[in-house]
């Protein structure tokens, strides 16, 4: 099944998440196809990419496919996991990647949106980052995506509460560059992409890479890095993590014990 639909129109590449039956969950297979599609467009020198769901989607993406999370004692968001590879492919794409969002965005899919260079949403869009609902240890690179996009204070609130951020507040925070009505969003986003595509692709690519390097210019000591890894291991080896997955599979509220 094509979990990612590909189209090129007027120099703009459009990638559509295409698994509504699973609420466009970021499964291993969908992430692999997203990486392949981006690599294909890169080879074709497509200057701008738009990532979207089907028109008027109620759920843009449900986030990481929880049924595919590794069990206790394994890092659920390891560097070589398909979702992390997809995020890096977006960051390293030699042109802007724009998220066009209609509907709710959950968990890792919110990370995908803030990893994109720009985001445009309509009035139905909401954004929630939900690892604490699962007892899941989020990784440092993902947390930095949010800090770089919305700042530390808002990132903390989003992670600590796991509450959905509505469209207007998301625009105010800077998750969204533009907030449009559902009638306008498609035309506006494609016009924005075409405007970018009309500029020097080399200059845009180099400026994007400079933004990436500068955004990641946060030195960390080897001791600090090891401490982060140890903190994350404490969570994914915990009873809370096992309970979070078990409760999700049993469709009930988890009972966390903090250990």
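The values are calculated or read from the model by the stated rules, or taken from the named source; none is laboratory data. The model shown is predicted, which means the values in this text are computed figures rather than measured ones. Glycine gets a Cβ as well: all are built from the backbone with ideal geometry, and neighbour counts include every protein chain shown.
Residue-by-condition table, conditions (1) outside any helix (DSSP H, G or I); (2) buried (at least 20 other Cβ atoms within 10 Å of the Cβ); (3) at positive phi:
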| site | (1), (2), (3) |
| --- | --- |
| 137 | yes, yes, no |
| 141 | no, no, no |
| 146 | no, yes, no |
| 156 | no, no, no |
| 163 | yes, no, no |
| 170 | no, yes, no |
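Can you list the helices (runs of 4 or more DSSP H) lying wholly within the stretch 184-248 that have 2 or more residues being at pLDDT 90 or above and more than 30 Å from residue 55 (Cβ to Cβ)? Spell out how you get there, then give the answer.
Values: elements: 185-197, 201-215, 222-236.
Once the helices (runs of 4 or more DSSP H) in the stretch 184-248 are filtered for at least 2 residues that are at pLDDT 90 or above and more than 30 Å from residue 55 (Cβ to Cβ), what remains is 201-215.
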